[in-house]
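Asks: Below is the structure I would like to discuss, written out as structure tokens.
Just so it is clear, none of the values below were taken in a lab; they were calculated from the coordinates. From a predicted model like this one, the values you see are computed outputs, not experimental measurements. So basically every Cβ, Gly included, is an ideal-geometry build from the backbone, and we count neighbours across all protein chains shown.
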Amino acid sequence: MHSIAQAVAGLGFRRELIPALQQGVPDAVQFFEVAPENWAGMGGRAGRDFRAFTERFPFVCHGLSLSLGGPGPLDEILLRRTKGFMREHGMTLFTEHLSWCADDRHLYELLPIPLTEEAVRYTAERIARAQDILGMRIGVENASTYIAPPGAEMTEPEFVRAVVEQADCLLHLDVNNIYVNSQNFGFDPHAYLAQLPLERTCYVHVAGHYVEEDGLLIDTHGSEVIDPVWQLLQAAYQRIGHPVPTCLERDFNIPDLPTLTQEVAHIARLQQAAWSRVSEPPLSPAAHPVLPHVAFPRQVA
Amino acid sequence: MLAFQQFQHALAQHLRDPHHTRRPPGVPQRRMAVYNELVFTNLCGFVDICFPVSRQLLGEARWRRLCRTFVRDWPLHTPWFREIPREFVRYLSEHTIAQALPRWLAELAHYEWAELAVDVIDVTPPAHDCQGDMMQARVLLNPARVDVASLWPVHRIGPTWQPRKTEPTFLVVFRDAQQEVQFTEINAVTAHVLALLDSGLTGQQVFAQLAQEMAHPDPEALQGFGQQLLNSLREQGVLLGTLT
């Protein structure tokens, strides 16, 4: 395994993109992201194609079904299979949503956790258990929400900070989710950003969203990234102060690879502008006590 | 139950059955509608893609009603998205569904699921000799395979034809050497042969047993027929050869 600088831009790996990627992976795309729930145990042609990419490129594992804040038992079978999947494909970073998606049954949707002290303790314990099983620190992602569960005892950034500090885990920052929530709940996204535990950021998401007729924003990952979200990403890079890998998420209305690549290249430009002064030499684990050094299976820079 | 989990249970219950339950207190209708739509649309997406024929034949309104009761009534425990269609097949075949449905629907859905499942089954065939003598040695069946035994001729069901009478049907859905999904219709005897081969008998043993079961007047001739049958199944890709 080789390690590379953390200031890299990547793309969500999707089956629809495989034919285009087989013709050549654009230089701007330095890593891919996959959901274990989609790709673990995949055989046949898709499984073979997937392996051909994991052998050549770094992949980040981004979970969807773990239900970190959910009332159902923590799915340790899912965690162990995810661990095996990551080992099989040389992945060293796992992130999940700070949300829930199941009680005793799955709903396959990311739902908001009530912002209470009790929920902080409960969720942090489950994250700590997940980290024990995976044998690594994980990143938890600030989620997009459409409702504010009643009975909140703190603000959302306070909740995020309390959870990651109690669990001693990392932050997976999603700037589009901040923007979507800021519009739907009427707050300043930059002020919100400033309150997050950004010193623990290990990974960043950027994506587009959909605007409904009445102005409500829906986090669809189905359109291009808008300027206010790019500006939020730029602000986040300045505040984070250390280089982090950043992934463009696109799950619907997927355009052709050159169009997607333009957005990935834009991430890379923002990274370079933010960190060209601080990123030499590449961040080493010793230089930063909190962050893991994301090891990638092969030097691709 | 922890205090904050009461809200979660109320929300989950409403998401599964928005038409018959109240939304949790403090949740605005407009925002609840977003989640109701997201949850249902997402689940329909997983199901729709696997069952295009079933969906078309049922028609959109009846299909959506069926999806609705699936979300409401079936315990979806799997975290793996690929397993949601399999759960839908189980719902159709195991659950008592109030909605009036064609009698062949559960079997048709199983057949549609088999095509998708075979495409992505994660199996590596064990060591084998693809030229081996299948009459003398243990035979390797293609492990990327689902056997479909149904009362209805599910592979012929489509917009222009639906069966009115049962017609026992045996299909083998499998992935060929080019990783393409194929299916072949077999008869009851061949299905029995495959089951016996799968249990570890050699071709010769299988057809000797068959001769006995059928009280066949010419067991030797049956062996000759058997050899041809196995070769043909190997050419198609249902059998891969002999285990080494």
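Asks: Modelling each spin label as a point 7 Å along the Cα-to-Cβ direction, I'd like the A:ALA152/B:ALA33 distance in nm, to one decimal.
Replies: Output for this residue pair reads 2.3 nm.
Asks: Oh, and also: Determine the dipole magnitude for the protein assembly as shown: charges of +1 sit on the beta-carbon of Lys and Arg, -1 on that of Asp and Glu, nothing else is charged, the reference point is the Cα centre, and the result goes in debye to the nearest 20.
Replies: In debye, rounded to 20, the protein assembly as shown gives about 280.
Asks: Please sort A:188-199, A:17-28 by packing, taking for each peptide the average over its residues of neighbouring beta carbons within 10 angstrom, highest first.
Replies: Order by mean packing, descending: A:188-199, A:17-28.
Asks: In region B:121-140, which residues have a backbone nitrogen under 18 Å from the label point lying 7 Å from B:ALA177's Cα in the Cα-to-Cβ direction?
Replies: The answer is B:124-134, B:140, whose backbone nitrogens lie closer than 18 Å to the label point.
Asks: While we're looking at this one, here's another question. Please list, in order along region A:236-247, the HN-Hα scalar couplings obtained from phi with the Karplus expression 6.51 cos²θ - 1.76 cosθ + 1.60 (θ = phi - 60°), rounded to whole Hz, x for Gly and Pro.
Replies: 5, 4, 5, 6, 5, x, 9, x, 9, x, 9, 10
Asks: Okay, moving on. With a/c under 1.5 counting as rounded, go ahead and sort chain A into rounded, prolate or oblate using the C-alpha gyration tensor (a ≥ b ≥ c being the square roots of the eigenvalues; past the cut-off, prolate if a/b is larger than b/c, else oblate).
Replies: It is rounded, given that a/c, with a ≥ b ≥ c, falls under 1.5.
Asks: Taking every residue in A:30-43, how many Cβ atoms of other protein chains lie within 10 Å of its Cβ, on average?
Replies: 3
Asks: When the chain is fully extended, how far beyond the present Cα-Cα distance does B:GLN162 get from B:HIS9, taking 0.36 nm per residue of separation?
Replies: Full-extension gain reported as 50.8 nm.
Asks: Express the relative contact order of region B:1-101 as a whole percentage, based on alpha carbon pairs under 8 Å and six or more residues apart in sequence.
Replies: 24 percent
Asks: Classify region B:123-244 as rounded, prolate or oblate from the Cα gyration tensor: take a ≥ b ≥ c as the square roots of its eigenvalues, call it rounded if a/c is under 1.5, otherwise prolate when a/b beats b/c and oblate if not.
Replies: Note, shape of region B:123-244 comes out oblate.
Asks: Using a Gaussian network for chain A with springs between C-alpha atoms less than 10 Å apart, which of these wobbles most: A:PHE13, A:PHE85, A:PHE187?
Replies: Fluctuation is largest for A:PHE187.
Asks: Could you point to the residue in A:ILE77, A:ASN181, A:PHE252 farthest towards the positive end of chain A's charge dipole, with +1 and -1 charges on the Cβ of Lys/Arg and Asp/Glu respectively?
Replies: Result: A:ILE77.
Asks: Let me ask something additional. Taking 8 Å as the Cα distance limit and 6 or more residues as the minimum spacing, I'd like the relative contact order of region A:1-81 as a percentage.
Replies: 28 percent
Asks: How well do other chains shield peptide B:7-18, expressed as the mean number of their Cβ atoms within 10 Å of each residue Cβ?
Replies: Per-residue shielding by partner chains comes out at 5.
Asks: Okay, next question. At what distance in nm do the modelled label points of B:MET214 and A:ASP104 sit from each other, each positioned 7 Å from its Cα along Cα→Cβ?
Replies: 5.2 nm
Asks: I would also like to ask the following. HN-Hα J couplings of region A:262-268 from phi, Karplus 6.51/-1.76/1.60, θ = phi - 60°, integer Hz, Gly and Pro as x?
Replies: 4, 6, 5, 5, 5, 4, 4
Asks: Let me ask something else about it. Would you kindly state how much longer the chain becomes between B:TRP80 and B:ALA61 on full extension, computed as 0.36 nm times their sequence separation minus their alpha carbon distance, in nm to one decimal?
Replies: So the extension gain works out to 4.1 nm.
Asks: Another one. How shielded is B:32-43 by partner chains, expressed as the average number of their Cβ atoms within 10 Å of its Cβ atoms?
Replies: 4
Asks: Rounded if a/c is under 1.5, else prolate if a/b is larger than b/c, else oblate: which is region A:136-276, with a ≥ b ≥ c the root eigenvalues of its Cα gyration tensor?
Replies: Oblate shape, in that a/c is at least 1.5 and b/c is the bigger or equal ratio.
Asks: Expressed as a rounded percentage, what relative contact order does region B:123-244 have, with Cα pairs under 8 Å and six or more residues apart?
Replies: 40 percent
Asks: Calculated from DSSP H runs of 4 or more alone, at -39500 (n - 2.57) each and per residue, what is the 222 nm mean residue ellipticity of the protein assembly as shown, nearest 500?
Replies: That calculation yields -13500 deg cm²/dmol at 222 nm.
Asks: What is the sum of charges around B:ARG156, taking Lys and Arg as +1, Asp and Glu as -1, for the other residues whose C-beta is under 13 Å from the C-beta of B:ARG156?
Replies: Around B:ARG156, the surrounding residues sum to -1.
Asks: Another question, then. Could you compute the FRET efficiency for A:ARG239 and A:ALA35, with r as their C-beta to C-beta distance and R0 at 45 Å, rounded to 0.05?
Replies: Here the calculated transfer efficiency is 0.95.
Asks: Through the Karplus equation 6.51 cos²θ - 1.76 cosθ + 1.60, θ set to phi - 60°, convert the phi angles of region B:52-69 into ³J(HN,Hα) values in whole Hz; use x for Gly and Pro.
Replies: The phi angles translate into x, 6, 4, 4, 5, 6, 7, x, 4, 5, 5, 5, 5, 4, 5, 4, 4, 6 Hz.
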